[in-house]
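Down below is the structure, laid out as structure tokens.
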Amino acid sequence: MKGFGNIMKEAQKLQAQMAAMQEEVGKRKVEATAGGGMVTVEANGKQELTAVKIDPEVVNKEDVQMLEDLVLAAAQRGAQKIARARAAGAREADRRDEDPRSGYVGGAGWRITPSPSPA
């Protein structure tokens, strides 16, 4: 059962790496704009909006719909940036796992080792 113990250790190691990556991504901040910078949103890696900035020039009580559209567009762009950052982190983890020098293949963190030759 030595092999099973190694698999469990590798699974725990992978879990720790994933937790560290999620923490790192969670600390990231992105900024996205709409309307040529008239509306800016800030979001963190946890996909939470942390700030909204609106240029006073865009505030027009006669055209609230335009302002709503700009806020929505900026928020969507921020969410897309976070999604890309998370995907880039996952791709980097996959690249590490698929590096033949690491002994790992695939995104599951399975280590491939040669079987001992029969004596």
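Quickly rank 75-81, 8-14 as a protection proxy: mean count of other C-beta atoms within 10 Å, highest first. Don't skip to the answer; put the middle values down first.
On the way: 75-81: 16.9, 8-14: 12.7.
Those peptides, ordered most packed to least, come out 75-81, 8-14.
Any lysines with Cα under 21 Å of the residue 46 Cα? List them, leaving off those in the same chain fewer than 8 positions away.
27, 29, 81
Can you give the FRET efficiency for residue 59 and residue 79, using 1/(1 + (r/R0)^6), R0 = 30 Å, r = Cβ-Cβ distance, to the nearest 0.05?
So the FRET efficiency works out to roughly 0.80.
Laboratory data are not the source of any read-out in this text; all were calculated from the coordinates shown. In this text the structure is predicted, and so the values were computed from the model without any measurement. FYI the Cβ positions are ideal-geometry reconstructions off the backbone, even for glycines, and counts take in every protein chain you see.
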